[in-house]
Amino acid sequence: MMSHSAASPTGNNSARRVSNAHRLLRAIVLAGACWVLSTPLTTVAGSAAAFLGCLLACLWIDSRSGTAVLKLRSLALLAGLVVLTALVTSLANLLTRQSFLAQWLGAMPAFQLGQLLFWLVLAASVGLLLRLYARRHSWGSVPELLFVTCAFVITLAAHQRGMIDRPYFIGDFALIRGMDPSNILMGVGVAAVLTLTVLLMLEGNQRRLPYHFSVLALVCLSLLLYVQTFGMPTPQMTDDLGLTGQGAGGGSQSENPFRDGDNDANDREAPVAIVLFRDDYEPENGAYYFRESAYSEFNGTLLWTAERDDLDVDLVEQFPASEVSVSEHIPAQDMRRSVTTTIGLLTPHRSPFGLEAPVRFEPAPNPNSLRFTQTYTVESLVPQFEFPDLIGRRAGSPDWTVAQWEQYLAMPDDPRYGEFAEHLVSNMREGFEDDPYAKALAVKAWLDDNGIYSLENQHAYATDPAASFLFGDVTGYCVHFAYAATYMYRSLGIPARVGIGYSVPADNRAGGSALLIQAIHGHAWPEIYLDGLGWVIVDPTPSRTLVDMSSEPQDSLQQMLADMLRDDASFQGFLEQQSQTSELPSFRQLLTALLIVAATLIILAWLVRLWRAQCPAWSPVSDQYRVQYRAALDTLASVGVRRRRGESREAFARRYAAQFPTLHQLTQWHLQQAPGYAWSPQGSLALAGKSVSGHAMANAEWNGLRKQLAAEISQSVPRWRRLLGTVHPAPWYYTH
């Protein structure tokens with residue numbers, strides 16, 4: 001016979017082991033957050049040191065109880081850690097700056113050693129402060145949660161803004177293996193949710209931990225289901241050139257394209273589209289121009305997208321559901337070359353775009369609806385004009401009406417534009433004084449030589465931003481140059497508009513058939529209309545710049561997206577989808593979603609059942625009375641033997657005493673040990689010839705009773721019911 005006192009040390013040891021496990025898990029979570037934050041900022045050695053430093057600091061502070069460290073004032077401890085970090089930072093800088101150390105250890109080992117020391121101390125200081133506040137104050141766990149949350153959010157922030165190859169340490173790993181980084185990032189996001197939950201639950205009751213994890217797993221799987229059904233969440237670009245989003249009128253910012261310079265420069269690196277060239281084409285000017293829209297109608301304040309039907313008839317405003325052609329509005333087709341491209345959009349766009357003069361659009365099969373918001377094929381007639389073709393032509397078209405001429409020449413009522421433009425063309429070479437294209441080149445040349453490219457300016461808030469730019473410091477970005485040039489062209493009697501789209505360096509194509517377009521390539525440029533040729537780009541390129549707007553070629557990402565878009569196997573599925581009614585795909589989609597949700601719930605229910613069945617194997621002796629009795633009730637519930645609502649445990653055992661006598665024994669033993677239960681059985685139970693007391697019943701005795709119960713079920717319950725009970729995913733639902 002075992003006494004209650006004999007079981008206490010075992011229970012204490014189990015509780016101590018659980019507490020130590022919690023401390024280790026918490027330390028690993030915080031150390032992992034330090035590693036995540038340090039990875040983009042340092043070497044592998046530095047990241048490893050950050051993880052180790054935070055881990056050791058957390059374990060050390062949790063092992064202290066009533067020591068002098070825990071009693072230090074917060075300000076004194078913080079000051080000490082700041083001083084220590086500053087000293088180690090100086091030492092790390094010394095290791096990398098002193099030539100004799102580099103010569104003795106080697107340049108890279110010296111640098112690695114400096115990084116290791118710095119991140120070890122910095123992470124240890126962070127872990128020490130977080131755990132110290134958590135132990136001193138009831139609200140101390142909040143900073144820990146915020147720290148872990150910020151670690152994941154900061155690391156994945158670039159990806160959320162649409163830069164799918166960020167962070168690089170994840171993107172590079174995926175791209176060199178031909179994988180979509182989003183799949184890995186999705187897993188990281190799920191891991192982040194579970195990590196935060198673990199950190200939060202370590203402060204509370206652990207008994208319902210599996211239930212909480214089941215709910216969280218369901219949430220994570222629901223997220224995956226949502227992505228599979230409706231596609232990945234797509235960030236709304238903050239580009240105000242009219243390239244993406246809902247277009248004009250969507251907000252105060254979108255009503256002023258000059259405010260584009262206020263945007264976060266980090267957003268400019270986000271990929272927005274991938275272009276597949278079906279025909280080989282290299283632009284002579286070194287850049288691919290993709291026109292999406294144009295600002296041509298003067299609204300009394302500035303140029304904006306035309307609302308008149310007789311303006312910009314060469315542009316397609318909406319994504320067509322079937323083939324759309326505007327080739328009749330493109331002149332000089334014998335002096336142009338047809339180039340066909342397939343474009344996959346990674347972010348929403350207001351209108352389709354194509355190379356310089358797109359003439360035919362048609363939908364294309366979308367091989368990856370999770371990655372591409374829309375795909376289409378566009379045929380463009382790119383100009384192959386030589387200088388003699390441009391010189392000597394009249395401005396505008398003889399087919400235009402008076403109203404069209406007036407619209408393409410409308411501009412602010414500011415005489416300075418005309419006066420300055422006339423001054424710029426006053427010294428033209430003989431024979432070119434009245435040539436529209438030569439005049440446009442003269443205006444462009446002055447802007448090239450005198451303009452300064454910069455994103456930092458105050459022109460956006462002026463009454464006329466273009467005038468503030470042109471007659472001020474001549475410092476701005478593409479919109480300022482485009483508007484100023486267009487107004488000067490119009491003042492000279494040359495019909496002009498501001499083209500909107502993308503300008504991508506030809507070198508970014510890297511000799512392949514694909515071209516990645518990033519938000520940084522968003523561009524505005526002036527165009528003039530020449531009789532017989534149509535709209536011709538005359539784009540100023542300032543020689544001086546205060547900001548680096550170049551973009552590094554993302555070859556791996558470009559190749560991966562191109563391979564996704566090239567999936568021609570989806571064409572047949574696309575045709576089948578087009579031939580069906582719109583209701584049928586929606587019904588199938590809903591049915592698929594319901595089936596996935598049902599399968600997910602069944603799997604989670606099975607996991608809960610397995611966990612409850614395995615609890616007796618690893619639960620402490622002091623908890624056997626609860627988990628063993630619960631496991632027995634789950635077994636009975638699977639074959640239809642369940643307690644009625646309001647029925648007591650004793651009454652339930654008596655009702656099945658003849659059929660399952662072992663249930664009565666299990667119930668007696670369970671009630672004797674259940675805390676706060678008023679009923680206490682007299683004497684002891686004889687089990688397998690042994691006399692045991694209720695408080696010290698070991699796992700073997702409990703398992704023996706459950707085996708007896710299983711044998712009784714096998715004898716008294718029909719085989720078909722037992723088979724159904726074996727596959728039942730949630731008998732525990734009926735256990736109470």
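Filtered by the rule that a residue be within 38 Å of the chain's Cα centre (by Cα) and acidic (Asp, Glu), region 301-317 gives GLU307, ASP312, ASP314, GLU317. Within region 306-316, not a single residue is within 21 Å of TYR376 (Cα to Cα) and among the small types (Gly, Ala, Ser). Just checking, which of GLU406, GLU362 is of a type in the set (Asp, Glu), within 24 Å of ASP434 (Cα to Cα) and in the same structural domain as ALA467 (by TED's automatic domain parsing)? Answer to the selection: GLU406. For the structure I just gave you, tell me whether GLN407 is out of contact with any helix residue (DSSP H, G or I) (no Cβ under 7 Å at 6 or more places or on another chain) and buried (at least 20 other Cβ atoms within 10 Å of the Cβ). Against the criterion (out of contact with any helix residue (DSSP H, G or I) (no Cβ under 7 Å at 6 or more places or on another chain) and buried (at least 20 other Cβ atoms within 10 Å of the Cβ)), GLN407 qualifies.
Take the conditions (1) modelled with pLDDT of 90 or more; (2) under 15 Å from ARG566 (Cα atoms); ASN366 misses just one of them, which is (1).
Residues checked against (1) within 21 Å of LEU276 (Cα to Cα); (2) not acidic (Asp, Glu):
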residue	(1), (2)
ASN299	no, yes
ALA306	no, yes
ASP309	no, no
GLN333	no, yes
LEU346	yes, yes
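If only residues of region 442-483 that are in contact (Cβ under 8 Å) with a residue 24 or more places away in the chain and of a type in the set (D, E, K, R) are counted, the one that is nearest to MET411 (Cα to Cα) is ASP464.
Among ALA15, ALA50, ALA45, which is under 29 Å from ALA110 (Cβ atoms) and either outside the structural domain of LEU130 (by TED's automatic domain parsing) or at pLDDT 85 or above (or both)? Let's see the steps before the verdict.
Numbers: ALA15 fails: under 29 Å from ALA110 (Cβ atoms); ALA45 fails: either outside the structural domain of LEU130 (by TED's automatic domain parsing) or at pLDDT 85 or above (or both).
Selected residue: ALA50, the only one of ALA15, ALA50, ALA45 that is under 29 Å from ALA110 (Cβ atoms) and either outside the structural domain of LEU130 (by TED's automatic domain parsing) or at pLDDT 85 or above (or both).
Within region 465-491, the set of residues being part of a loop (DSSP other than H, G, I, E, B) and closer than 17 Å to PRO540 by Cα comprises PHE471, ASP473, VAL474, TYR477. Only one entry of TYR417, TYR437 meets the criterion of being in contact with a Ser or Thr (Cβ under 9 Å, 6 or more places away or on another chain) and either in contact (Cβ under 8 Å) with a residue 40 or more places away in the chain or on the phi < 0 side of the Ramachandran plot (or both), and that entry is TYR417. Scanning region 449-464 for residues that are modelled with pLDDT under 90 and part of a helix (DSSP H, G or I) yields a count of 3. When region 378-408 is filtered for residues that are of a type outside the set (Ser, Thr, Tyr) and in a loop (DSSP other than H, G, I, E, B), the ones remaining, listed by number, are GLN384, PHE385, GLU386, ILE391, GLY392, ARG393, ARG394, GLY396, PRO398, ASP399, TRP400.
Evaluate region 495-516: report whether one residue or more is under 30 Å from ALA395 (Cβ atoms), more than 34 Å from the chain's Cα centre (by Cα) and not small (Gly, Ala, Ser). Taking every residue of region 495-516 in turn, at least one turns out to be under 30 Å from ALA395 (Cβ atoms), more than 34 Å from the chain's Cα centre (by Cα) and not small (Gly, Ala, Ser).
When each of LEU565, LEU561 is tested for being crowded, with 16+ Cβ neighbours inside 10 Å, in the same structural domain as PRO271 (by TED's automatic domain parsing) and modelled with pLDDT of 80 or more, the lone residue that passes is LEU565. Looking at this structure, is GLU356 crowded, with 20+ Cβ neighbours inside 10 Å, within 29 Å of LEU492 (Cβ to Cβ) and of a type in the set (Asp, Glu)? The answer is yes for GLU356. Just one residue in the set GLU284, GLU307, GLU362, GLU328 is acidic (Asp, Glu) and either buried (at least 20 other Cβ atoms within 10 Å of the Cβ) or touching a Ser or Thr at 6+ places or on another chain (Cβ under 7 Å) (or both); that residue is GLU362. Of the conditions (1) in contact with a helix residue (DSSP H, G or I) (Cβ under 7 Å, 6 or more places away or on another chain); (2) farther than 30 Å from ARG566 by Cβ, GLY534 fails just one. Which one is it? The number of the failed condition is (1).
State which residue is surrounded by the most Cβ atoms within 10 Å (Cβ to Cβ) when the search covers only region 722-736 and only residues that are under 14 Å from ARG612 (Cβ atoms) and of a type in the set (Ser, Thr, Tyr).
To start, the set of residues in region 722-736 that are under 14 Å from ARG612 (Cβ atoms) comprises 728-736.
Still in the running and of a type in the set (Ser, Thr, Tyr): 733-735.
Numbers: TYR733: 14, TYR734: 16, THR735: 19.
Taking the candidates together, the pick is THR735.
For region 609-629, a tally of residues being among the aliphatic types (A, V, I, L, M) and either more than 44 Å from the chain's Cα centre (by Cα) or surrounded by 18 or more Cβ atoms within 10 Å (Cβ to Cβ) (or both) returns 2. I'd like to know if region 449-466 contains one or more residues that are at positive phi and not polar (S, T, N, Q). No, region 449-466 contains no residue that is at positive phi and not polar (S, T, N, Q). Applying the condition of being touching a residue at least 24 places away in the same chain (Cβ under 8 Å) and not polar (S, T, N, Q) to region 646-663 and asking which residue is surrounded by the most Cβ atoms within 10 Å (Cβ to Cβ) yields LEU663.
The values are calculated or read from the model by the stated rules, or taken from the named source; none is laboratory data. Nothing here was measured: the structure is a model prediction, and the numbers come from that model. Glycine gets a Cβ as well: all are built from the backbone with ideal geometry, and neighbour counts include every protein chain shown.
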